[in-house]
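Here the structure is laid out as C-alpha cells; the discussion comes afterwards.
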Amino acid sequence: MSAEVKIPAQVRTEFGKGFARRARVAGQVPAVVYGHGGEPVHVTLPGHDLMMALKTPNVLLSLDIEGRNELVIPKQIQRDALKGFLVHVDLLVVKRGEKVTVEVPVHTEGELAPGGNLLEHTLTALPVEAEATHIPEAVTVSVAGLEAGASVLAKDVTLPAGVSLAVDAEAVVLHVVAGQAAEAEGVEA
C-alpha cells in the first residue's frame, strides 16, 4: 500500500498537437482528469514528477488543481513508442473509501521442482477490487516445488485484507510446463 503522491496541475485551455508538443518540450505532460459524473478537466502535469510517480503501479495521486485537491489513479498512459517519454495520461477521480477495480502485478517467489520446468505467466497482472487508498503494489505467489502440469488459480492467490478478486476464481494465473527436451538428438543437420 503506497502513500499518495502530491503533484501540482495546471488547467489548460489550449488543445491540439501543437500545444501538446510545446507542453512536452517545456517538461509538461497533457492529461485529462475525469470521473464521478463531472466534466473532464484538461490539465498539464510536471513531466519528471509524473514519470517518477508512475513507476509505482496504480499510484494514488493527489492533484492540486487551482487550489482544490483531487485524488486520482492513472487509467491510461500513452508513451512515445521509440523514446518512451510520456505523451498523455488519463486520470480517474476516486474518493477515499471508494472501491476501484485495478490490475495488480503478480510476482513469484521460490524455485520450481527440479527437471527443467518452465513457468508460464498466464496473467501478469491480477484484476482486483480494492479501496482506492489501499491498493496493493503487487501480489506475491509462491511457486516453490511446483512440478510440470501444476497451475496456480486466481482463488489460490493470497490477497491483502480488504482486497477481493475481480476475475473468475478459476482463472489460471501461473502454469508450470515441462521444458523442451533436445528432440533433435537423432536428427542430423
Exercise for review: State the percentage of accessible surface on the chain attributable to carbon and sulfur atoms; use a 1.4 Å probe and exclude ligands, DNA and RNA.
Suggested key: 52 percent
Review point. Out of the DSSP beta bridges found with both residues in segment 1-154, what percent are antiparallel (nearest 5)?
Key: 70 percent
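If each residue of separation counts as 0.36 nm, what is the full-extension length gain between GLU131 and GLN76 once their alpha-carbon separation is subtracted?
Full extension of this stretch gives 17.9 nm more.
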Review point. Reachable lysines from LYS83, Cα under 20 Å, same-chain residues fewer than 8 places away excluded?
Key: LYS17, LYS55
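First measure r as the distance between the Cβ atoms of GLU147 and HIS121, then evaluate 1/(1 + (r/R0)^6) with R0 = 25 Å and state the FRET efficiency to the nearest 0.05.
0.90
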**Study point:** 23 Å Cα-Cα threshold exceeded, pairs from LYS6/LYS95; LYS75/LYS155; LYS6/LYS99
**Key:** LYS75/LYS155
Practice item. Starting from the Cα-Cα distance between ASN69 and LYS17, subtract it from 0.36 nm times their residue separation and give me the gain in nm to one decimal. Key: 15.9 nm
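Loop only per DSSP, at most 11 neighbouring Cβ atoms within 10 Å: give me the chymotrypsin sites (Phe, Trp or Tyr not before Pro) in segment 1-52, ordered by residue number. Don't jump to the answer; show the numbers that get you there.
Values: sites: PHE15, PHE19, TYR34; in loops: PHE15.
Hits after loop and neighbour filter: PHE15.
Give the relative contact order (percent, whole number) for segment 68-189; include only Cα pairs under 8 Å separated by 6+ residues.
24 percent
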Exercise for review: Provide the per residue accessible area, probe 1.4 Å, for segment 44-87, rounded to a whole number of square angstrom.
Suggested key: 56 Å²
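The values are calculated or read from the model by the stated rules, or taken from the named source; none is laboratory data. Owing to the predicted nature of the structure, the values given are computational and were not obtained by experimental measurement. So basically every Cβ, Gly included, is an ideal-geometry build from the backbone, and we count neighbours across all protein chains shown. Keep in mind that these areas ignore ligands, DNA and RNA; they rest on the heavy atoms of the full protein, side chains included. Shrake-Rupley method; radii C 1.70, N 1.55, O 1.52, S 1.80 Å.
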